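Chemist: Sharing a structure below in structure tokens format, with a few things to ask.
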Amino acid sequence: MTTSLPSGLRERKKARTRAAIREHAMRLFEEQGYAATTVDQIAEAAEVSQSTFFRYFPTKEDVVLADDLDPLIVAAVKAQPPEVPPITAIRNAIHEVVDNVSAEEWEREQRRQRMFRHTPELMSRAMVQYTDTIRLLGEAVADRAGLPPADFAARVLAGAVIGAALAAIPNGGTGDVQLTDFAGLDKALALLEAGLPLS
């Protein structure tokens, strides 16, 4: 008789497999270049099948482009009390996630960002990534307000938040982003929350 793993153990195993695939992929990208690295090479290095690779990352690009912090922030936004205004909820969620990122996790995130910034094939996907983030955040804002996922106002609010983030982070995120840079993001969101006063 076969028994399935408890859900907590199963999720931890999936997280370890995903992390191993990404770690081996990043090492190969750095050693031999992004374009020269194949999915087969990544799967072999991580000791998984090609089909397993694609279960975790739909494309090779997604190994670098997938932002592990975004889903955590979206979940934290949804978990905010319903009476909290949307931008305040987003500020609280960002604090909750960023304040609990370990030095090791942040180093991995910076490594991912550097690979993204220095690979032309990936930079062309930047606008798609921003659009995906706006959609996810907009859906979270709409969900809290009991609105349809594609609600126009919620999507516009999410777009304003992403725009504020790009304006607040040094060089628009084209250099290494430090954890301390999130203080500027919080200040930008506070301005947005106050109606963008210029003085």
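The values are calculated or read from the model by the stated rules, or taken from the named source; none is laboratory data. Keep in mind that what you see is a predicted model, and the values were worked out from it rather than measured. Here the Cβ positions follow ideal geometry from the backbone for every residue, glycine too, while neighbour counts run over all protein chains shown.
Chemist: Just give me the residues in region 109-131 being assigned to a helix (DSSP H, G or I) and free of Cβ contacts under 8 Å to residues at least 40 places away in the same chain, in sequence order.
Modeler: Pro120, Met123, Ala126, Met127, Val128, Tyr130, Thr131, listed by residue number.
For every residue, the table says whether it meets (1) surrounded by fewer than 16 Cβ atoms within 10 Å (Cβ to Cβ); (2) in contact with a strand residue (DSSP E or B) (Cβ under 8 Å, 6 or more places away or on another chain); (3) of a type in the set (Lys, Arg).
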{"site": "Ser102", "(1), (2), (3)": "yes, no, no"}
{"site": "Asp132", "(1), (2), (3)": "yes, no, no"}
{"site": "Arg135", "(1), (2), (3)": "yes, no, yes"}
{"site": "Ala140", "(1), (2), (3)": "no, no, no"}
{"site": "Gly146", "(1), (2), (3)": "yes, no, no"}
{"site": "Asp151", "(1), (2), (3)": "no, no, no"}
{"site": "Val161", "(1), (2), (3)": "no, no, no"}
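Chemist: Can you name the condition, by its number, that Ala167 falls short on among (1) touching a residue at least 60 places away in the same chain (Cβ under 8 Å); (2) more than 15 Å from the chain's Cα centre (by Cα)?
Modeler: Just one mismatch for Ala167, condition (1).
Chemist: With free of Cβ contacts under 8 Å to residues at least 12 places away in the same chain and surrounded by fewer than 18 Cβ atoms within 10 Å (Cβ to Cβ) as the only criterion, which of Leu191, Leu196 stands out? Even if it seems obvious, please write down each step before you answer.
Modeler: Values: Leu191 fails: free of Cβ contacts under 8 Å to residues at least 12 places away in the same chain.
Going through Leu191, Leu196 in turn, the sole match is Leu196.
Chemist: Same structure again: Quick check, is Glu104 charged (D, E, K, R), within 30 Å of Asp181 (Cβ to Cβ), outside the structural domain of Ile134 (by TED's automatic domain parsing) and part of a helix (DSSP H, G or I)?
Modeler: no
Chemist: Which condition number does Thr2 fail, the rest of (1) part of a helix (DSSP H, G or I); (2) modelled with pLDDT under 95 being met?
Modeler: With respect to (1) part of a helix (DSSP H, G or I); (2) modelled with pLDDT under 95, Thr2 is out only on (1).
Chemist: Go through (1) surrounded by 14 or more Cβ atoms within 10 Å (Cβ to Cβ); (2) over 22 Å from Lys14 (Cβ atoms); (3) touching a residue at least 24 places away in the same chain (Cβ under 8 Å) one by one and return the number of the condition Ala93 breaks.
Modeler: (3)
Chemist: Give me the residue from region 29-39 that is under 14 Å from Thr119 (Cα atoms) and surrounded by 13 or more Cβ atoms within 10 Å (Cβ to Cβ) and, out of that set, farthest from the chain's Cα centre (by Cα).
Modeler: Filtering region 29-39 for residues under 14 Å from Thr119 (Cα atoms) gives 29-37.
Those still in the list that are surrounded by 13 or more Cβ atoms within 10 Å (Cβ to Cβ) too: 29-30, 34, 37.
Numbers: Phe29: 20, Glu30: 21, Tyr34: 20, Thr37: 23 Å.
Top of the filtered list is Thr37.
Chemist: Tell me, yes or no, whether region 148-156 has at least one residue that is within 21 Å of Glu96 (Cβ to Cβ), charged (D, E, K, R) and outside any loop (DSSP other than H, G, I, E, B).
Modeler: no
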